[in-house]
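K.L.:
The following block contains the structure, expressed as structure tokens.
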Amino acid sequence: MINPDVAYFGQKDLQQFKIIERLVKDTSMNIGLRMMPILREDSGLAMSSRNKRLSAAGKRVAANIYQALLIAKEHYQLTTQTDKSIHQSQVFLGQFESLNVEYLTWVNLKDLQPIEIGNEPEKLALCFAGYIEGIRLIDNLIVDGRKGY
């Protein structure tokens with residue numbers, strides 16, 4: 001009805017962006033899509049209205065989600081082993097009893113399908129979802145699989 005030229009989405013909602021991207025492609029809509037970087041608090045926590053529902057202690061624990069993503073990314077950069085990089089992050093996150101991890105996984109950025117070990121695509125995304133104090137939090141990182149960063 002409006003016929004916009006460009007639509008902007010935040011990278012934090014990567015899965016939503018990929019669905020819209022597919023819809024635009026499948027329906028041949030003449031609209032450009034732009035994914036904007038995740039905005040983060042000083043602690044590294046991805047900004048979200050849900051963060052307001054967390055206690056101060058919950059926010060401190062939640063800040064470790066981004067740290068876990070960085071640990072996996074760093075390990076992947078050194079080894080290009082996605083499974084072992086996930087393990088490193090899971091060990092790190094395991095020290096936070098109030099954090100319940102729903103998933104932490106590497107996916108192909110093209111279609112968000114889990115990647116096969118040893119067959120990494122050019123672009124990967126490391127996606128996280130979990131709960132702290134009953135609040136569902138999501139985060140992700142996009143990594144260039146060809147260069148390991």
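The values are calculated or read from the model by the stated rules, or taken from the named source; none is laboratory data. This structure is a prediction, so every number in the text was calculated from the model and none was measured. When we count neighbours, we look across all protein chains shown, and the Cβ atoms used for this are built from the backbone with ideal geometry, even at glycine.
K.L.:
Return the only residue of 46, 68 being surrounded by 16 or more Cβ atoms within 10 Å (Cβ to Cβ), farther than 22 Å from residue 117 by Cα and touching a helix residue (DSSP H, G or I) at 6+ places or on another chain (Cβ under 9 Å).
P.N.:
One residue alone meets the criteria, 46.
K.L.:
Give the residue, chosen from 100, 64, that is more than 15 Å from the chain's Cα centre (by Cα) and either at pLDDT 95 or above or not assigned by TED's automatic domain parsing to the domain that holds residue 116 (or both). I'd like the intermediate steps shown before the answer.
P.N.:
Working: 64 fails: more than 15 Å from the chain's Cα centre (by Cα).
After ruling out the rest, the residue left standing is 100.
K.L.:
Just to be sure I understand the filter: pairs with C-beta atoms under 6 Å, separated by 6 or more residues or on different chains, first member in segment 9-36 and more than 21 Å from residue 126 (Cβ to Cβ), second member assigned to a helix (DSSP H, G or I) and hydrophobic (A, V, I, L, M, F, W, C). Which pairs pass?
P.N.:
Within 6 Å, the pairs are 31/24.
Residue by residue, here is whether (1) assigned by TED's automatic domain parsing to the domain that holds residue 59; (2) assigned to a helix (DSSP H, G or I); (3) loosely packed, with under 11 Cβ neighbours inside 10 Å holds:
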residue	(1), (2), (3)
1	no, no, yes
14	no, yes, no
17	no, yes, no
22	no, yes, no
25	no, yes, yes
29	no, no, no
42	no, no, yes
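K.L.:
With respect to residue 57, determine if the residue is assigned by TED's automatic domain parsing to the domain that holds residue 112, outside any loop (DSSP other than H, G, I, E, B) and loosely packed, with under 15 Cβ neighbours inside 10 Å.
P.N.:
So residue 57 fits the description; yes.
K.L.:
Considering only residues of segment 31-40 that are within 30 Å of residue 61 (Cα to Cα) and of a type outside the set (Val, Ile, Thr), which is surrounded by the fewest Cβ atoms within 10 Å (Cβ to Cβ)?
P.N.:
The extreme case among them is 37.
K.L.:
Shifting gears a bit: State which residue is nearest to residue 21 (Cα to Cα) when the search covers only segment 99-149 and only residues that are basic (Lys, Arg) and in contact (Cβ under 8 Å) with a residue 12 or more places away in the chain.
P.N.:
110
K.L.:
Does residue 38 satisfy the condition of being assigned to a loop (DSSP other than H, G, I, E, B) and under 21 Å from residue 144 (Cα atoms)? Even if it seems obvious, please write down each step before you answer.
P.N.:
Details: assigned to a loop (DSSP other than H, G, I, E, B): yes; under 21 Å from residue 144 (Cα atoms): yes.
Yes; evaluated as a whole, the condition is true for this residue.
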